[in-house]
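Engineer: Dropping the structure in here first, questions after.
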Amino acid sequence: MQIIILSYLNQFWILLSSIAPYILLGIFLAGAMKIWIREEWIERELGGSSLISNLKAILFGIPLPLCSCSVIPFAAALRKSGASRSSTLSFLIATPITGIDSIVATYGVLGWFFTLYRIISSIFISLLAGILSLIFDRERQAEKEAESPGFVALPTERGAVAPSVVSGFAAAPRKEEPLRAPASSCCPSDNCGGEDRERLWIEKLWNHAVYEIFADFAKALLIGVALGALLTTFMPTEAGTFLGENLWVNYLLVIAIAAPLYICATSSIPLGVALLTAGVSPGAVFVFLTAGPASSTVTMSVIRKILGTRSLLIYLAAVLSGTLLFGAAFDLFFTEQAEAVRRMVAVPESPGFVAQVSAVVLLMLSWKVLRPKKSGGCCGG
């Protein structure tokens, strides 16, 4: 019994140390992004119902450090601010699948090709959902216009047509945007020195990276590492051989595992590495890392509420079909790269000094963000 416990703890430490440096780097890069990129600017850029708007929503969403739970209020704000249904749907798929912290961690553990493949595939899957949404929304709009008896087109100043209901009421006057007061200075006085600004910037970076981004998935990350170590320690060798000979069993297995879990893109990585070590194919691990963060029950319920049942069905169809197709393509057409991914985790190396220090720092940060609260981040349960 003691040998089994020591073996489990060893696997836990190896797995945590392998991802810790990249998690730390990723959360601070993500924190810097939250400082540099204004949410209001993103909301303003995602309006319109066109393919370009969908592509912009995807490209904006990919690097944003928003997990499957924190993306929900952001997407709701986008929709309320005038973003189209299709752009919002594309944003909701692309954002939780990736994120700068997840991208860095994926690169560190699974290599550049797997990371690039994950980014490109998320663009195609999100674009597929956006295109389907555009098609169905235009059909719905055409049906509504045909059913409306008092709907006529009036010429506008530039020769275009604008819809207007002939009902004897004048169009409501357009509200002018209220003047906004200039933003207050970050410093107590206008004569703020360079050292004070730098100190305030570092403090803001720390708060964003640790208390907002990392706190959102810290509990889920530790659970993922614990489950991954459990899987690596107790998975029978025969199971790995069986999975290696039956690819579609791999895909069904990871979907069955991912469906009930509420995991973020970053916190799913240690469990994905453990699945790979246990014999699951790299394509199936891709399915797990992609479908898991995008198919949480909370996300789906909110999509149904703010976008409707039809958008939810489009969302599910695009995510499930897209991840399965790209996962199978990775196993069948990129065999050399898949084998390289296997080799990266096949023989776990003894963690080096930097990796072990990073693991200690990560555990200390986890204690810091989880201790004040009885419940962790929203992705943690």
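Engineer: Name the single residue, out of those in region 233-259 being open to solvent by less than 40 Å² (accessible area, probe 1.4 Å) and modelled with pLDDT of 65 or more, that is nearest to Leu316 (Cα to Cα).
Structural biologist: Taking the candidates together, the pick is Ala258.
Engineer: Hey, Ala265 hits all of (1) at pLDDT below 80; (2) in a helix (DSSP H, G or I); (3) more than 16 Å from Leu15 (Cα to Cα); (4) in contact with a Ser or Thr (Cβ under 6 Å, 6 or more places away or on another chain) but one; which does it fall short on?
Structural biologist: Ala265 satisfies all of (1) at pLDDT below 80; (2) in a helix (DSSP H, G or I); (3) more than 16 Å from Leu15 (Cα to Cα); (4) in contact with a Ser or Thr (Cβ under 6 Å, 6 or more places away or on another chain) except (2).
Engineer: Using the structure shown, decide if Trp13 is within 21 Å of Asn207 (Cβ to Cβ) and modelled with pLDDT of 75 or more.
Structural biologist: Details: within 21 Å of Asn207 (Cβ to Cβ): no; modelled with pLDDT of 75 or more: yes.
No: the conditions fail for Trp13.
Engineer: Also, quick follow-up: In the set Ser133, Ser87, Ser126, which member is in contact with a strand residue (DSSP E or B) (Cβ under 9 Å, 6 or more places away or on another chain) and crowded, with 19+ Cβ neighbours inside 10 Å? First the steps, then the outcome.
Structural biologist: Numbers: Ser133 fails: in contact with a strand residue (DSSP E or B) (Cβ under 9 Å, 6 or more places away or on another chain); Ser126 fails: in contact with a strand residue (DSSP E or B) (Cβ under 9 Å, 6 or more places away or on another chain).
Of Ser133, Ser87, Ser126, the one residue that is in contact with a strand residue (DSSP E or B) (Cβ under 9 Å, 6 or more places away or on another chain) and crowded, with 19+ Cβ neighbours inside 10 Å is Ser87.
Engineer: Could I ask something else about it? Is there a residue in region 270-281 that is open to solvent by 50 Å² or more (accessible area, probe 1.4 Å) and at pLDDT 75 or above? I'd like the intermediate steps shown before the answer.
Structural biologist: At the first step, the residues of region 270-281 found to be open to solvent by 50 Å² or more (accessible area, probe 1.4 Å) are 277.
Add one more test, that the residue is at pLDDT 75 or above, and what stays is 277.
Yes: one or more hits.
Engineer: For region 96-129, which residues satisfy the criterion of being part of a helix (DSSP H, G or I), modelled with pLDDT under 85 and closer than 19 Å to Val319 by Cβ?
Structural biologist: Pro96, Ile97, Ser102, listed by residue number.
The values are calculated or read from the model by the stated rules, or taken from the named source; none is laboratory data. What you see is a predicted model, and the numbers here were worked out from it, not measured in a lab. As a convention, Cβ positions derive from the backbone with ideal geometry for all residues, glycine included, and neighbour counts pool all protein chains shown. These accessible areas exclude ligands, DNA and RNA; they are computed on the full protein's heavy atoms, side chains included. Shrake-Rupley method; radii C 1.70, N 1.55, O 1.52, S 1.80 Å.
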